[in-house]
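The next block holds one structure in the form of structure tokens; read it before the comments.
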Amino acid sequence: MARGRDTVPGMSISTALDRLADAGRLDGVIRPVRGAVNKLMRPQAVKDALHGVWLGHPVHPPLAQVPLGAWMSAGLLDALPGNRKQATLLIATGLAAAVPTAAAGAADWSESEIGQQRVGAVHAVMNTAAVALYVGSLIARARGDHRLGRRLAYGGLGLASSSAGIGGHLAYSQGAGVSHATTAARTLSHDWIDLGPLTDLPEGKPVLRVSQDSDRPASLCVVRRGAEAHVLVDACSHLSGPLHQGDLTEVGGDECLVCPWHGGTFALKDGRAVRGPAVAAVTVLRTRVSDGRLQARVPERHLG
Ligand code: FES
């Protein structure tokens, strides 16, 4: 007997989340919320700070440790007698930390791909419900109803922990927050890659060079400057945007390349992100000119 798509027995949580990412049922809500987040998070420097451009790493995951850790500790203390004050303090600490954590998460979510936005919306709703339960727990404790306060807190802990699992799926399965430039760099040949005569490259204009001279074809973004050239993997660290289609600009005295998809900006000399939503550096290859031909090689850290 044919089974319905949504009634597969034993469907894993991961599969269910992937189906959610493929379904457009939430899109009517997501669009206006995303627009509101983008309006609220201005100027760009605020959003960049929340993305973690200053850190070279998304700040949402480490921030999320604080509320979850505080609430887990409160849950342990609540299970033991004589710890009401300490548990209440930890719950309040978690609530205070939830504010910047949510802001950083919202900034990343607003610049993510549609599947990540759909799953991220569920993650956000569950976290919001957890926060509401913890606020209720604090109110109950303030009124002297510690039994209700404990119950609400355990409900909040269950929701926040489950939501953290969804956050893990977003990162590890859907690739939210990971460097797509690193993934692209891993596919490159470990040998010197020939990119043709240096003089064939236009001056000061990003171009695509595709090398087929090994069993690992390479797509690289090349910017020639006189007798030298910058060579980068042609995949933005944010969501793999084609960097060779980007424009050059100057930020803080450094020549930079702007990703054509969402405006992530990278210093050409070392690949570091200087504007979000990208936070991780884009991989810059070592270069040499041999017999007038430009050659590039992936950095040591990617050699297997
Ligand atoms: S793909 Fe989003 S900034 Fe490049």
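Bear in mind that the values in this text are calculations on the coordinates, not laboratory data. Bear in mind that the values here come from a model prediction, so they are computed numbers and not experimental data. Cβ placement follows ideal geometry from the backbone for every residue including glycine, while neighbour counts extend to all protein chains displayed.
Give the separation of the Cα centroids, segment 27-103 to segment 275-304, in Å.
First find each Cα centre; the distance between them is then 36 Å.
Only four residue types carry charge here, +1 at the Cβ of Lys and Arg and -1 at the Cβ of Asp and Glu. Report the dipole size of segment 234-304 about the Cα centre in Debye, rounded to the nearest 20.
Rounded to the nearest 20 debye, it is 260 debye.
Specify the inter-centroid distance of segment 244-263 and segment 132-175, based on alpha-carbon positions, in whole Å.
42
Which one, Q44, V66, A121, projects farthest toward the positive side of the charge dipole computed for segment 13-172 from Cβ point charges (K/R +1, D/E -1)?
V66
If a cysteine in the chain has no other Cys Cβ under 4.7 Å from its own Cβ, put it on the list, ordered by number.
Cysteines of the chain left without a disulfide-compatible partner: C221, C256.
Fewest Cβ neighbours within 10 Å first, please rank D191, D254 accordingly.
D191, D254
So what is Rg over Rh here for segment 180-302, counting just Cα atoms and using Kirkwood for Rh?
Looking at segment 180-302, the ratio lands at 0.94.
For each of K39, K47, K269, count neighbouring Cβ atoms within 10 Å of the residue's Cβ, then give the residues from fewest to most.
K39, K269, K47
Please arrange I114, I30, I91 by how many other C-beta atoms lie within 10 Å of their C-beta, fewest to most.
Neighbour counts put them in this order, fewest first: I114, I30, I91.
Amide H to amide H, which residues 5 or more places from C256 or on other chains are under 5 Å from it, using H placed in the peptide plane?
Amide H to amide H, under 5 Å and 5 or more residues apart or across chains, C256 pairs with T249, E250, V251, L268.
Restricting things to alpha carbons, find the Rg to Rh ratio for the chain using the Kirkwood radius for Rh.
That ratio equals 1.09.
DSSP H helices in the chain with Cα extent of 18 Å or more along the helix axis and mean Kyte-Doolittle hydropathy at least -1.0?
Sorted by number, the helices that extend far enough and score high enough are 27-40, 60-78, 84-110, 114-142, 146-172.
Please state the relative contact order of the chain as a whole percent: Cα pairs under 8 Å, 6+ residues apart?
The value is 16 percent.
Name the residue from A160, V99, P81 whose Cα lies farthest towards the positive end of the charge dipole of the chain, charges +1 on Cβ of Lys and Arg and -1 on Cβ of Asp and Glu.
With unit charges placed on the Cβ atoms, the residue in question is P81.
Determine the sum of side-chain charges near E203: Lys and Arg each +1, Asp and Glu each -1, restricted to other residues whose C-beta is under 12 angstrom from that of E203.
Once positives and negatives cancel, what remains is +1.
Quick one: net charge around V284, please, counting Lys, Arg +1 and Asp, Glu -1 for every other residue with C-beta under 10 Å from its C-beta.
Net charge around V284: +2.
Report the full-extension gain for the segment R301 to K269: residue separation times 0.36 nm, less the Cα-Cα distance, to one decimal in nm.
9.8 nm is the gain from fully extending R301 to K269.
Run lengths n ≥ 4 of DSSP H only: what is the helix-derived mean residue ellipticity at 222 nm for the chain, with -39500 (n - 2.57) per run over all residues, to the nearest 500?
The per-residue figure over the chain is -15500 deg cm²/dmol.
Pulled fully out, how much extra length does the chain show between T15 and T187, if you take 0.36 nm times their separation in residues and subtract their Cα-Cα distance?
59.2 nm
Quick one: P(r) of segment 13-172 from all Cα-Cα pairs, 5 Å bins, percents rounded to integers, in order of increasing distance.
Bins of 5 Å from zero give 2, 9, 17, 19, 17, 14, 11, 7, 3, 0 percent of pairs.
Please give me the summed charge of the neighbours of L77: other residues whose Cβ is under 13 Å from its Cβ, Lys and Arg +1, Asp and Glu -1.
Around L77, the charge tally is +3.
With r defined as the distance between the Cβ atoms of Y172 and A45 and R0 fixed at 30 Å, what FRET efficiency is calculated, to the nearest 0.05?
Step by step, r from the Cβ atoms, then E = 0.50.
Spin-label point model (7 Å from Cα, Cβ direction): what's the L76 to R225 distance in nm?
Here the modelled spin labels are 5.2 nm apart.
Report the charge-dipole magnitude of the chain in Debye, nearest 20, computed about the Cα centre from +1 at each Lys and Arg Cβ and -1 at each Asp and Glu Cβ.
So the dipole magnitude of the chain works out to roughly 1380 debye.
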